[in-house]
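Peer 1: Can you keep this structure in mind? I'll have questions shortly.
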Ligand code: FES
């Protein structure tokens, strides 16, 4: 299943990034590109983290359904 349409990031890509140490929405963006364009997938990314017992840090607390990128300053892959 696609989590991030803008960057064509799949659920298993997010799961792999988390397994490899990504523990914030920003880290997921850095590793996968998810959340670095429109930001519409932010809630999905946050849910993937919380489902694994990880919590968002304050800088990740941007609105889930914003129209701006959730993760800024990250080069797209
Ligand atoms: S759907 Fe993920 S950045 Fe647009």
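Condition check ((1) modelled with pLDDT of 95 or more; (2) more than 11 Å from the chain's Cα centre (by Cα)) across all residues:
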position	(1), (2)
2	yes, yes
6	yes, yes
16	yes, yes
19	yes, yes
44	no, no
59	no, yes
75	no, yes
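Peer 1: Sticking with this structure for a sec: Given the structure, is residue 39 at pLDDT 90 or above, in contact with a helix residue (DSSP H, G or I) (Cβ under 9 Å, 6 or more places away or on another chain), assigned to a loop (DSSP other than H, G, I, E, B) and at positive phi?
Peer 2: No.
Peer 1: Let me ask something else. Inside segment 1-15, can you point out the residues that are within 15 Å of residue 47 (Cα to Cα), more than 9 Å from the ligand (Cβ to nearest atom) and without any contact (Cβ under 8 Å) to a residue 24 or more places away in the chain?
Peer 2: Answer for segment 1-15, where residues must be within 15 Å of residue 47 (Cα to Cα), more than 9 Å from the ligand (Cβ to nearest atom) and without any contact (Cβ under 8 Å) to a residue 24 or more places away in the chain: 1, 10, 12, 13.
Peer 1: Considering only residues that are buried (at least 20 other Cβ atoms within 10 Å of the Cβ) and closer than 17 Å to residue 53 by Cα, which ones fall in segment 1-17?
Peer 2: 14, 17
Peer 1: Could you check segment 16-36 and list, in sequence order, the residues that are outside any loop (DSSP other than H, G, I, E, B) and more than 14 Å from the ligand (Cβ to nearest atom)?
Peer 2: Result: 16, 18, 19, 27.
The values are calculated or read from the model by the stated rules, or taken from the named source; none is laboratory data. A quick note: this is a predicted structure, and the numbers were derived from the prediction, not measured. Counting neighbours? That spans all protein chains shown, and the Cβs are built from the backbone with ideal geometry, glycine included.
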